[in-house]
Structures are given as C-alpha cells and as structure tokens.
Amino acid sequence: MNKILLLSTILVLFSACGSNDSKAPDSGAVSKPAQQATTPADARRNIVFFGNSLTAAYQLPPEQGFPALIQRKIDSLGLPYRCIDAGLSGETTADGKNRIDWVLKQPVDIFVLELGGNDALRGLPVKASRENLQAIISKVKARYPNCKIVLAGMLAPPNLGANYTKAFQQMYPDLAKNNKAALIPFLLDGVGGIPSLNLEDGIHPNVEGQKIVAENVWKVLKPLL
C-alpha cells in the first residue's frame, strides 16, 4: 500500500470520527452485546471494545462491525465470551477517560482499547493523549486486576510533522509494553487508503473492510481467550 496515500486517508478518517453517528450509543446508555449470546449469560466472560466510530461501525448496522464479527468467531468455536461494543463516535482519549468509570460498572475480563485518532486530528499533545490512555488502562486494572488489556494502534496524519507522527505512533507500543498489554500494531492495516474496502466517504471501513479489521483484531485477541 502506498504509505503516503494511507497517511493522507487517515487525516480525513480522523475528521469523520468526530461526526455524528446515529448508531453509536450515547454516553448515558448501557453498552450492548455485539451479538446475542449462544450460551447462558452467567457462563460467559465479557470482552469490552472501548473506542470511537471505528469500534461503533460508523454508518453500518452493529452486526456488521468488527466486534460483532468477532463474536461470531467466538461462538463458532464454542468459547464462553460475550463481545460488548462500547464504541462512541467522536470520542477522544480525554472523553474516554471521563466515560470509563461508567463502562466499568459491568464486569470486564478482556478490554480492547481503541482511542487516539481524534486526538491526532486536533493536534492534541501526544503527552496528554498518552496520559489519558494510561489513566483508562489504570482504571480498568484497578477495578478488574485480572482483566487482560488489548491496545489498538493508530497512525497520525502526516501534516502534523515527522516528530508528532513518530511520537504518536510510538505511544501505543510503549503503553502496551509498560502495561503488559497485547498490541494491535495498526487497526486499519490492509484497509486504510483502499477505496474498495471503505464507505463512499473513502474513510470508514465498509462491510468488507470490517471483515479485515476483525481479522486484525482476532489475530491478537484469540491467544488471550
């Protein structure tokens, strides 16, 4: 994939992540399972996907988003896990830090954190984004010490300069290492910058793109189950 095209696309993608999405839950709504459970609810462990419009399956039915696709994989293997889509369009790391206490009212066994893209769009200091992500992870660990953490990496738009983009990209592996978390190097690998795998806006994954995103997540998530 042409790296310049990919990074340019991400700049536009972050802009769209801040747009309204009628299908995303509001901050006062209970997170919903990505797909109906196939085994008794009390026998299943919770996997919470906490992120922005990428997690919320922007402009797609929830069942076509990657959290629901992963639920299908889990069910097909007979594994006792329930995927909960806690994505909210437009969310920044600061917003996530403010919302996480409410999300943690439900038990969490695996926590998939996908935030930071909207911070890069706004050119927010990487230091602040890092601190917010760390605060979210720390709150999850404090509430559920045995919870496994998965961190989804993103890229910053190139117009912010080489120093910013490098620091932003490095933020994710650093946080993963410091917190002994599993890392998805780049959530949109194989999707970003490819028109046929995105919606008409050219920025959010379409049905086929979501399938690839699900595979990117599944490669890292499966060994934790």
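FYI, it's all coordinate maths here, none of it is from the lab. Everything quoted here is computed from the prediction, not taken from an experiment. Ideal geometry is used to build each Cβ from the backbone, glycine not excepted, and the neighbour counts take in all protein chains shown.
For this structure, a couple of remarks:
- Couplings 3J(HN,Hα) of segment 190-206, computed from phi: x, 10, x, x, 10, x, 5, 10, 10, 5, 4, 6, x, 10, 9, x, 8 Hz, in residue order, whole Hz [Karplus 6.51 cos²θ - 1.76 cosθ + 1.60, θ = phi - 60°; x for Gly and Pro].
- Label zone at residue 146, where the point sits 7 Å out along the Cα-to-Cβ direction: segment 91-115 residues whose backbone N lies under 14 Å: 107-110
- Mean sequence separation of contacting Cα pairs (under 8 Å, at least six apart), scaled by the length of segment 137-219, corresponds to a relative contact order of 24 percent.
- Per principal axis, descending, Cα span of segment 101-225 in whole Å: 41, 32, 25
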